[in-house]
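A.B. asks: Questions regarding the structure given below will be posed in turn.
The values are calculated or read from the model by the stated rules, or taken from the named source; none is laboratory data. All values reported here derive from a predicted model rather than from experimental measurement. Here the Cβ is made from the backbone with ideal geometry for all residues, glycine too, and neighbour counts use every protein chain on show. We work out accessible area using only protein heavy atoms, side chains counted, and drop any ligands, DNA or RNA first. Shrake-Rupley method; radii C 1.70, N 1.55, O 1.52, S 1.80 Å.
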Amino acid sequence: MERSELVDLLSPDGLRLLDSLPPWDNSSDVVRLVSDLRKAGHPQGLVTAVLGQSRLRAKAVAKFGDFAGRMLFTEAGLEQATRLNVAALHAGRFAAAGLNRVADLGSGIGSDSMALAALDIQVTAVDTDEVTATVASYNLAPFDNASVVHGDAETFDLTGFDAAWLDPARRTAGHSNTSRLTRPEDYSPNLDFVFGLSERMPIGVKLGPGHDRDAIPAAAEAQWVSVDGKLVEMGLWFGALARDGIRRSALLLGRSGRHELTAGADSVDVDSVAGDAGVPGTYLYEPDGAVIRARLIGDLARSMDALMLGEGIAYLKTESLHETPFATAFRVLESLPVDEKKLRLALKERRIGTLEIKKRGVDVDPAVLRTRLKLHGPESATLVLTRAGGRRVALLVERVQPPR
(Lines give C-alpha, C1' and ligand atoms only; values in the text may rest on other atoms or scores of the structure.)
Protein backbone atom coordinates (compact mmCIF):
# COMPACT_ATOMS: atom_id res chain seq x y z
CA MET A 1 0.00 0.00 0.00
CA GLU A 2 1.46 3.35 -1.04
CA ARG A 3 1.26 6.48 1.10
CA SER A 4 -1.25 8.09 -1.27
CA GLU A 5 -3.56 5.06 -0.98
CA LEU A 6 -3.32 5.20 2.81
CA VAL A 7 -4.23 8.89 2.80
CA ASP A 8 -7.32 8.11 0.70
CA LEU A 9 -8.23 5.19 2.93
CA LEU A 10 -7.94 7.17 6.19
CA SER A 11 -10.17 9.94 4.96
CA PRO A 12 -13.72 10.00 6.39
CA ASP A 13 -15.08 8.96 2.99
CA GLY A 14 -12.55 6.17 2.73
CA LEU A 15 -13.30 4.62 6.11
CA ARG A 16 -17.06 4.92 5.57
CA LEU A 17 -16.78 3.23 2.18
CA LEU A 18 -14.56 0.46 3.59
CA ASP A 19 -16.98 -0.30 6.41
CA SER A 20 -19.95 -0.27 4.02
CA LEU A 21 -18.55 -3.02 1.80
CA PRO A 22 -19.89 -6.58 2.16
CA PRO A 23 -17.40 -9.18 3.42
CA TRP A 24 -14.78 -9.96 0.79
CA ASP A 25 -15.46 -13.04 -1.29
CA ASN A 26 -12.72 -14.36 -3.56
CA SER A 27 -15.40 -15.54 -5.97
CA SER A 28 -16.83 -12.02 -6.38
CA ASP A 29 -16.73 -10.25 -9.72
CA VAL A 30 -14.08 -7.66 -8.83
CA VAL A 31 -14.31 -5.91 -12.20
CA ARG A 32 -18.02 -5.37 -11.72
CA LEU A 33 -17.50 -4.24 -8.12
CA VAL A 34 -14.94 -1.67 -9.23
CA SER A 35 -17.29 -0.48 -11.97
CA ASP A 36 -20.19 -0.11 -9.53
CA LEU A 37 -18.09 1.89 -7.07
CA ARG A 38 -16.78 4.14 -9.83
CA LYS A 39 -20.31 4.73 -11.12
CA ALA A 40 -21.28 5.73 -7.57
CA GLY A 41 -18.79 8.57 -7.89
CA HIS A 42 -15.83 7.21 -5.89
CA PRO A 43 -12.35 8.09 -7.24
CA GLN A 44 -10.23 5.29 -8.70
CA GLY A 45 -7.51 5.63 -6.06
CA LEU A 46 -10.02 5.31 -3.23
CA VAL A 47 -11.70 2.30 -4.85
CA THR A 48 -8.34 0.57 -5.21
CA ALA A 49 -7.44 1.30 -1.58
CA VAL A 50 -10.70 0.12 -0.01
CA LEU A 51 -10.95 -3.06 -2.09
CA GLY A 52 -7.37 -3.95 -1.29
CA GLN A 53 -8.05 -3.39 2.39
CA SER A 54 -11.27 -5.41 2.27
CA ARG A 55 -9.35 -8.33 0.80
CA LEU A 56 -6.66 -8.07 3.51
CA ARG A 57 -9.28 -7.94 6.27
CA ALA A 58 -10.79 -11.18 5.00
CA LYS A 59 -7.35 -12.79 4.86
CA ALA A 60 -6.57 -11.53 8.37
CA VAL A 61 -9.49 -13.37 9.99
CA ALA A 62 -7.26 -16.46 10.29
CA LYS A 63 -4.93 -14.52 12.59
CA PHE A 64 -7.19 -11.97 14.23
CA GLY A 65 -10.72 -13.39 14.15
CA ASP A 66 -13.45 -10.77 14.52
CA PHE A 67 -10.86 -8.08 15.31
CA ALA A 68 -9.73 -8.16 11.66
CA GLY A 69 -12.82 -6.20 10.66
CA ARG A 70 -11.71 -3.28 12.84
CA MET A 71 -8.08 -3.15 11.74
CA LEU A 72 -6.00 -1.93 8.82
CA PHE A 73 -3.21 -3.90 7.16
CA THR A 74 -0.45 -3.88 4.63
CA GLU A 75 0.27 -7.07 2.70
CA ALA A 76 3.72 -7.49 4.25
CA GLY A 77 2.51 -6.35 7.66
CA LEU A 78 -0.21 -8.98 7.77
CA GLU A 79 2.16 -11.72 6.66
CA GLN A 80 4.61 -10.93 9.44
CA ALA A 81 2.07 -10.05 12.14
CA THR A 82 1.79 -12.21 15.25
CA ARG A 83 -1.45 -14.17 15.58
CA LEU A 84 -3.72 -12.69 18.21
CA ASN A 85 -3.69 -15.76 20.50
CA VAL A 86 0.12 -15.93 20.37
CA ALA A 87 0.48 -12.18 20.94
CA ALA A 88 -1.69 -12.57 24.03
CA LEU A 89 0.77 -15.12 25.42
CA HIS A 90 3.67 -12.77 24.70
CA ALA A 91 1.90 -9.98 26.56
CA GLY A 92 1.13 -12.30 29.45
CA ARG A 93 4.85 -12.78 30.07
CA PHE A 94 5.37 -9.04 30.54
CA ALA A 95 2.32 -8.75 32.80
CA ALA A 96 3.39 -11.74 34.93
CA ALA A 97 6.86 -10.23 35.35
CA GLY A 98 5.37 -6.91 36.50
CA LEU A 99 6.87 -4.97 33.58
CA ASN A 100 4.53 -2.05 33.06
CA ARG A 101 6.16 0.11 30.37
CA VAL A 102 7.27 -1.71 27.24
CA ALA A 103 8.80 -0.58 23.96
CA ASP A 104 7.69 -2.60 20.92
CA LEU A 105 10.72 -2.14 18.66
CA GLY A 106 9.88 -3.01 15.09
CA SER A 107 6.16 -3.10 15.82
CA GLY A 108 4.85 -3.66 12.31
CA ILE A 109 1.09 -3.13 12.18
CA GLY A 110 0.91 -3.30 15.98
CA SER A 111 -0.49 -6.75 16.80
CA ASP A 112 1.81 -7.36 19.79
CA SER A 113 1.33 -3.79 20.99
CA MET A 114 -2.43 -4.35 20.92
CA ALA A 115 -2.06 -7.41 23.14
CA LEU A 116 0.21 -5.54 25.56
CA ALA A 117 -2.16 -2.59 25.75
CA ALA A 118 -5.09 -4.91 26.38
CA LEU A 119 -3.35 -6.01 29.59
CA ASP A 120 -3.05 -2.40 30.80
CA ILE A 121 0.65 -2.23 29.96
CA GLN A 122 1.91 1.15 28.74
CA VAL A 123 3.32 0.39 25.29
CA THR A 124 5.10 2.46 22.67
CA ALA A 125 5.22 0.95 19.19
CA VAL A 126 8.21 1.96 17.06
CA ASP A 127 8.53 1.29 13.34
CA THR A 128 10.89 2.76 10.77
CA ASP A 129 8.38 2.64 7.90
CA GLU A 130 5.98 5.61 7.75
CA VAL A 131 3.04 3.74 6.19
CA THR A 132 3.39 0.83 8.62
CA ALA A 133 3.61 3.18 11.61
CA THR A 134 0.47 4.98 10.43
CA VAL A 135 -1.39 1.68 10.12
CA ALA A 136 -0.23 0.76 13.63
CA SER A 137 -1.53 4.12 14.89
CA TYR A 138 -4.98 3.31 13.50
CA ASN A 139 -4.97 -0.19 15.04
CA LEU A 140 -3.86 1.14 18.43
CA ALA A 141 -6.20 4.16 18.47
CA PRO A 142 -8.73 2.46 20.83
CA PHE A 143 -6.06 2.15 23.55
CA ASP A 144 -5.28 5.19 25.72
CA ASN A 145 -2.14 3.45 27.03
CA ALA A 146 -0.57 2.93 23.57
CA SER A 147 1.38 5.30 21.36
CA VAL A 148 3.24 4.98 18.07
CA VAL A 149 6.57 6.47 16.99
CA HIS A 150 7.78 6.59 13.41
CA GLY A 151 11.46 6.05 14.05
CA ASP A 152 14.45 3.73 14.15
CA ALA A 153 14.26 0.89 16.68
CA GLU A 154 18.02 0.86 17.21
CA THR A 155 18.26 4.56 18.13
CA PHE A 156 14.98 4.90 20.03
CA ASP A 157 15.52 6.29 23.54
CA LEU A 158 14.60 3.58 26.04
CA THR A 159 14.93 5.77 29.11
CA GLY A 160 12.07 5.01 31.48
CA PHE A 161 11.07 1.73 29.84
CA ASP A 162 10.98 -1.49 31.89
CA ALA A 163 11.43 -3.92 28.99
CA ALA A 164 11.26 -4.31 25.24
CA TRP A 165 9.61 -6.60 22.71
CA LEU A 166 11.34 -7.06 19.37
CA ASP A 167 10.10 -8.65 16.17
CA PRO A 168 12.97 -8.01 13.74
CA ALA A 169 11.88 -7.61 10.13
CA ARG A 170 13.02 -10.73 8.29
CA ARG A 171 11.87 -9.59 4.85
CA THR A 172 13.01 -6.87 2.48
CA ALA A 173 11.54 -3.40 2.92
CA GLY A 174 8.17 -2.63 1.37
CA HIS A 175 4.47 -3.26 1.84
CA SER A 176 3.96 -6.08 -0.70
CA ASN A 177 5.98 -8.50 -2.84
CA THR A 178 8.76 -8.64 -0.26
CA SER A 179 11.32 -11.46 -0.11
CA ARG A 180 12.71 -13.34 2.88
CA LEU A 181 16.06 -12.28 4.33
CA THR A 182 18.37 -15.24 4.92
CA ARG A 183 21.19 -13.51 6.83
CA PRO A 184 20.44 -12.48 10.45
CA GLU A 185 22.78 -9.50 10.09
CA ASP A 186 20.32 -8.09 7.55
CA TYR A 187 17.37 -8.20 9.95
CA SER A 188 15.98 -4.90 11.18
CA PRO A 189 16.82 -4.34 13.97
CA ASN A 190 19.85 -6.59 13.57
CA LEU A 191 20.53 -9.37 16.05
CA ASP A 192 23.74 -7.84 17.42
CA PHE A 193 21.64 -4.92 18.64
CA VAL A 194 18.87 -7.23 19.87
CA PHE A 195 21.12 -9.52 21.90
CA GLY A 196 23.13 -6.56 23.18
CA LEU A 197 19.90 -5.03 24.46
CA SER A 198 19.19 -8.23 26.41
CA GLU A 199 22.16 -7.36 28.62
CA ARG A 200 20.53 -4.04 29.53
CA MET A 201 16.89 -4.98 30.19
CA PRO A 202 14.40 -7.86 30.01
CA ILE A 203 13.40 -8.49 26.40
CA GLY A 204 11.38 -10.90 24.32
CA VAL A 205 12.30 -11.62 20.71
CA LYS A 206 10.26 -13.21 17.92
CA LEU A 207 12.25 -15.09 15.28
CA GLY A 208 11.47 -17.62 12.59
CA PRO A 209 11.06 -21.23 13.83
CA GLY A 210 13.92 -22.37 11.60
CA HIS A 211 16.40 -19.89 13.05
CA ASP A 212 19.89 -21.34 13.59
CA ARG A 213 19.80 -23.02 16.97
CA ASP A 214 23.55 -22.60 17.39
CA ALA A 215 22.98 -18.84 17.42
CA ILE A 216 20.63 -18.96 20.45
CA PRO A 217 22.29 -17.16 23.39
CA ALA A 218 22.90 -19.40 26.39
CA ALA A 219 21.02 -16.98 28.67
CA ALA A 220 17.79 -17.22 26.67
CA GLU A 221 14.73 -19.37 27.16
CA ALA A 222 13.87 -20.59 23.65
CA GLN A 223 10.24 -21.45 22.99
CA TRP A 224 8.93 -22.87 19.71
CA VAL A 225 5.22 -22.25 19.14
CA SER A 226 2.88 -24.36 17.02
CA VAL A 227 -0.69 -23.29 16.19
CA ASP A 228 -3.08 -25.96 14.93
CA GLY A 229 -0.12 -28.13 13.97
CA LYS A 230 1.71 -25.35 12.09
CA LEU A 231 5.05 -24.19 13.48
CA VAL A 232 4.83 -20.38 13.55
CA GLU A 233 7.71 -18.91 15.57
CA MET A 234 10.61 -19.24 17.94
CA GLY A 235 10.46 -16.84 20.87
CA LEU A 236 13.54 -15.96 22.92
CA TRP A 237 13.06 -14.63 26.43
CA PHE A 238 15.68 -12.90 28.57
CA GLY A 239 16.00 -11.67 32.13
CA ALA A 240 12.78 -11.51 34.16
CA LEU A 241 10.83 -12.76 31.12
CA ALA A 242 12.65 -16.12 31.08
CA ARG A 243 11.41 -18.84 33.41
CA ASP A 244 13.77 -20.34 35.99
CA GLY A 245 15.30 -23.65 34.93
CA ILE A 246 13.72 -23.65 31.45
CA ARG A 247 15.84 -23.22 28.34
CA ARG A 248 13.80 -25.29 25.85
CA SER A 249 10.05 -25.26 25.36
CA ALA A 250 7.55 -26.59 22.81
CA LEU A 251 4.20 -24.84 23.10
CA LEU A 252 1.21 -26.17 21.17
CA LEU A 253 -1.99 -24.18 20.71
CA GLY A 254 -4.98 -25.81 19.08
CA ARG A 255 -8.52 -27.10 19.36
CA SER A 256 -7.59 -29.23 22.35
CA GLY A 257 -6.21 -26.24 24.25
CA ARG A 258 -2.70 -25.30 25.29
CA HIS A 259 0.01 -27.92 25.86
CA GLU A 260 3.68 -27.44 26.66
CA LEU A 261 6.84 -29.53 27.00
CA THR A 262 9.72 -27.86 28.83
CA ALA A 263 13.29 -28.78 29.72
CA GLY A 264 16.49 -27.23 30.99
CA ALA A 265 18.33 -28.21 27.79
CA ASP A 266 18.00 -30.28 24.63
CA SER A 267 16.83 -33.77 25.59
CA VAL A 268 18.89 -36.86 24.92
CA ASP A 269 17.50 -39.14 22.20
CA VAL A 270 16.27 -42.63 23.04
CA ASP A 271 17.41 -45.85 21.35
CA SER A 272 16.20 -46.65 17.85
CA VAL A 273 14.43 -49.80 16.70
CA ALA A 274 16.63 -52.75 15.88
CA GLY A 275 14.10 -54.96 14.10
CA ASP A 276 11.26 -54.62 11.63
CA ALA A 277 9.55 -51.23 11.93
CA GLY A 278 6.58 -52.31 9.85
CA VAL A 279 4.94 -54.80 12.20
CA PRO A 280 1.16 -54.46 11.68
CA GLY A 281 -0.65 -53.24 14.76
CA THR A 282 2.25 -51.22 16.14
CA TYR A 283 2.08 -47.45 16.32
CA LEU A 284 4.08 -44.71 14.66
CA TYR A 285 4.18 -41.16 16.01
CA GLU A 286 5.09 -37.97 14.19
CA PRO A 287 6.04 -35.34 16.81
CA ASP A 288 4.75 -31.81 16.37
CA GLY A 289 7.21 -29.46 14.67
CA ALA A 290 7.66 -27.48 17.89
CA VAL A 291 8.79 -30.63 19.72
CA ILE A 292 11.23 -31.44 16.92
CA ARG A 293 12.74 -27.95 16.72
CA ALA A 294 13.01 -27.73 20.53
CA ARG A 295 14.82 -31.09 20.46
CA LEU A 296 12.55 -32.59 23.06
CA ILE A 297 11.85 -35.78 21.09
CA GLY A 298 13.75 -37.86 23.61
CA ASP A 299 11.67 -36.60 26.53
CA LEU A 300 8.47 -37.25 24.58
CA ALA A 301 9.65 -40.76 23.69
CA ARG A 302 10.45 -41.61 27.30
CA SER A 303 7.01 -40.43 28.40
CA MET A 304 5.46 -43.01 26.04
CA ASP A 305 8.09 -45.76 26.39
CA ALA A 306 8.80 -45.31 22.69
CA LEU A 307 11.81 -45.94 20.45
CA MET A 308 13.03 -43.78 17.60
CA LEU A 309 12.78 -45.32 14.15
CA GLY A 310 16.40 -44.44 13.45
CA GLU A 311 19.19 -42.19 14.59
CA GLY A 312 18.23 -38.63 13.75
CA ILE A 313 14.80 -39.70 12.42
CA ALA A 314 11.95 -37.83 14.11
CA TYR A 315 9.48 -40.72 14.12
CA LEU A 316 8.69 -42.73 17.25
CA LYS A 317 7.37 -46.28 17.55
CA THR A 318 5.45 -48.02 20.33
CA GLU A 319 3.75 -51.37 20.76
CA SER A 320 0.60 -49.84 22.25
CA LEU A 321 -1.32 -46.61 21.68
CA HIS A 322 -0.59 -43.60 23.88
CA GLU A 323 -2.69 -40.45 23.78
CA THR A 324 -0.55 -37.35 23.51
CA PRO A 325 -1.11 -33.82 22.24
CA PHE A 326 2.54 -33.62 21.18
CA ALA A 327 2.45 -36.06 18.27
CA THR A 328 0.11 -37.44 15.63
CA ALA A 329 -0.36 -41.20 15.98
CA PHE A 330 -0.62 -43.69 13.12
CA ARG A 331 -1.37 -47.41 13.21
CA VAL A 332 0.99 -49.42 11.01
CA LEU A 333 -1.05 -51.51 8.56
CA GLU A 334 1.75 -53.17 6.63
CA SER A 335 5.17 -52.77 5.07
CA LEU A 336 5.28 -52.15 1.33
CA PRO A 337 8.20 -52.52 -1.09
CA VAL A 338 10.54 -49.55 -1.31
CA ASP A 339 11.30 -50.27 -4.97
CA GLU A 340 9.22 -47.79 -6.96
CA LYS A 341 7.92 -50.25 -9.54
CA LYS A 342 6.89 -52.78 -6.90
CA LEU A 343 5.39 -50.02 -4.76
CA ARG A 344 3.28 -48.84 -7.69
CA LEU A 345 1.94 -52.38 -8.20
CA ALA A 346 1.22 -52.76 -4.47
CA LEU A 347 -0.79 -49.55 -4.41
CA LYS A 348 -2.63 -50.56 -7.58
CA GLU A 349 -3.61 -53.89 -5.98
CA ARG A 350 -5.04 -51.96 -3.04
CA ARG A 351 -6.97 -49.62 -5.40
CA ILE A 352 -5.41 -46.55 -3.80
CA GLY A 353 -6.07 -43.43 -5.84
CA THR A 354 -5.45 -40.76 -3.20
CA LEU A 355 -2.16 -40.98 -1.33
CA GLU A 356 -0.69 -38.78 1.39
CA ILE A 357 3.08 -39.25 1.39
CA LYS A 358 5.08 -38.40 4.51
CA LYS A 359 8.86 -38.70 4.54
CA ARG A 360 11.87 -38.23 6.79
CA GLY A 361 15.48 -39.20 6.22
CA VAL A 362 15.04 -40.09 2.54
CA ASP A 363 15.66 -38.03 -0.57
CA VAL A 364 12.18 -38.11 -2.09
CA ASP A 365 9.94 -35.40 -3.53
CA PRO A 366 6.42 -36.56 -2.54
CA ALA A 367 4.72 -34.60 -5.34
CA VAL A 368 6.99 -36.07 -8.02
CA LEU A 369 6.72 -39.59 -6.61
CA ARG A 370 2.93 -39.35 -6.42
CA THR A 371 2.83 -38.57 -10.13
CA ARG A 372 5.14 -41.43 -11.02
CA LEU A 373 3.10 -43.92 -9.01
CA LYS A 374 0.18 -43.40 -11.44
CA LEU A 375 -2.42 -43.76 -8.71
CA HIS A 376 -5.91 -44.84 -9.63
CA GLY A 377 -8.78 -46.17 -7.54
CA PRO A 378 -11.42 -45.26 -4.96
CA GLU A 379 -9.34 -45.80 -1.82
CA SER A 380 -7.18 -43.28 0.08
CA ALA A 381 -4.15 -44.00 2.26
CA THR A 382 -1.09 -42.58 4.00
CA LEU A 383 2.40 -43.79 3.13
CA VAL A 384 5.45 -43.11 5.31
CA LEU A 385 8.84 -43.24 3.60
CA THR A 386 11.73 -43.17 6.03
CA ARG A 387 14.64 -45.13 7.48
CA ALA A 388 14.47 -47.67 10.31
CA GLY A 389 17.15 -49.96 11.60
CA GLY A 390 19.58 -48.53 9.05
CA ARG A 391 17.48 -49.30 5.97
CA ARG A 392 14.76 -47.62 3.92
CA VAL A 393 11.18 -48.58 4.68
CA ALA A 394 7.76 -47.84 3.19
CA LEU A 395 4.95 -48.12 5.73
CA LEU A 396 1.25 -48.04 4.95
CA VAL A 397 -0.42 -46.41 7.98
CA GLU A 398 -3.70 -44.92 9.15
CA ARG A 399 -4.29 -42.03 11.54
CA VAL A 400 -5.72 -42.96 14.89
CA GLN A 401 -5.94 -39.45 16.31
CA PRO A 402 -6.57 -36.30 14.29
CA PRO A 403 -3.96 -33.56 13.94
CA ARG A 404 -4.40 -30.68 16.37
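A.B. asks: Mind checking which lysines have their C-alpha under 16 Å from Lys348, skipping anything on the same chain fewer than 8 residues away?
C.D. replies: Lys374
A.B. asks: I would also like to ask the following. Calculate, in nm to one decimal, what Asp365 and Arg38 gain on full extension: separation in residues at 0.36 nm each, minus their alpha carbon distance.
C.D. replies: The Asp365-Arg38 span can extend by a further 112.9 nm.
A.B. asks: Past the 20 Å Cα-Cα mark, which pairs from Lys63/Lys358; Lys206/Lys358; Lys317/Lys359; Lys63/Lys230?
C.D. replies: Cα-Cα > 20 Å for Lys63/Lys358; Lys206/Lys358; rest within.
A.B. asks: Moving on. What does DSSP give for the chain in terms of the percent of beta bridges that are antiparallel, rounded to the nearest 5?
C.D. replies: Percentage antiparallel, nearest 5: 60.
A.B. asks: Further question: To the nearest 20 Debye, how big is the dipole of the chain about its Cα centre, given +1 on the beta carbon of each Lys and Arg and -1 on that of each Asp and Glu?
C.D. replies: Approximately 1720 debye in magnitude.
A.B. asks: Can you list the HN-Hα couplings for segment 221-238, worked out from phi with the Karplus curve (6.51, -1.76, 1.60; θ = phi - 60°), rounded to whole Hz and with x for Gly and Pro?
C.D. replies: 8, 9, 10, 9, 10, 10, 10, 6, x, 9, 6, 10, 6, 10, x, 10, 10, 10
A.B. asks: Further, regarding this structure: May I ask for the distance between the Cα centers of segment 198-253 and segment 350-393, given as a whole number of Å?
C.D. replies: 34
A.B. asks: Relative contact order, percent, of the chain when contacts are C-alpha pairs under 8 Å separated by at least 6 residues? Kindly include the intermediate steps, with their values, before the conclusion.
C.D. replies: On the way: 791 pairs, mean separation 36.6, N = 404.
Once divided by the residue count of the chain, the mean separation gives 9 percent.
A.B. asks: When the Cα atoms of the chain are enclosed in a convex hull and the volume is divided per residue, what value in Å³ results?
C.D. replies: Values: hull volume 64.9 nm³, N = 404.
Per residue, the Cα convex hull of the chain comes to 161 Å³.
A.B. asks: On to the next question. Give the carbon-plus-sulfur fraction of the accessible surface of the chain in %, rounded to a whole number; probe 1.4 Å, heavy atoms of protein chains only. Don't skip to the end; give the middle numbers.
C.D. replies: On the way: 9260 of 19020 Å².
The value for the chain is 49 percent carbon and sulfur by accessible area.
A.B. asks: Right, next: If you count the DSSP beta bridges with both ends in segment 269-404, what percent of them are antiparallel, to the nearest 5?
C.D. replies: Expressed as a percentage, antiparallel bridges in segment 269-404 total about 75.
A.B. asks: I'd like to compare 353-366, 25-38: which one has the highest average count of other Cβ atoms within 10 Å, and what's the full order after that?
C.D. replies: 353-366, 25-38
A.B. asks: Within segment 222-261, what percent of beta bridges assigned by DSSP are antiparallel, to the nearest 5? The partial results should precede the final answer.
C.D. replies: Working: 11 of 17 bridges.
Here the share of antiparallel DSSP bridges comes out near 65 percent.
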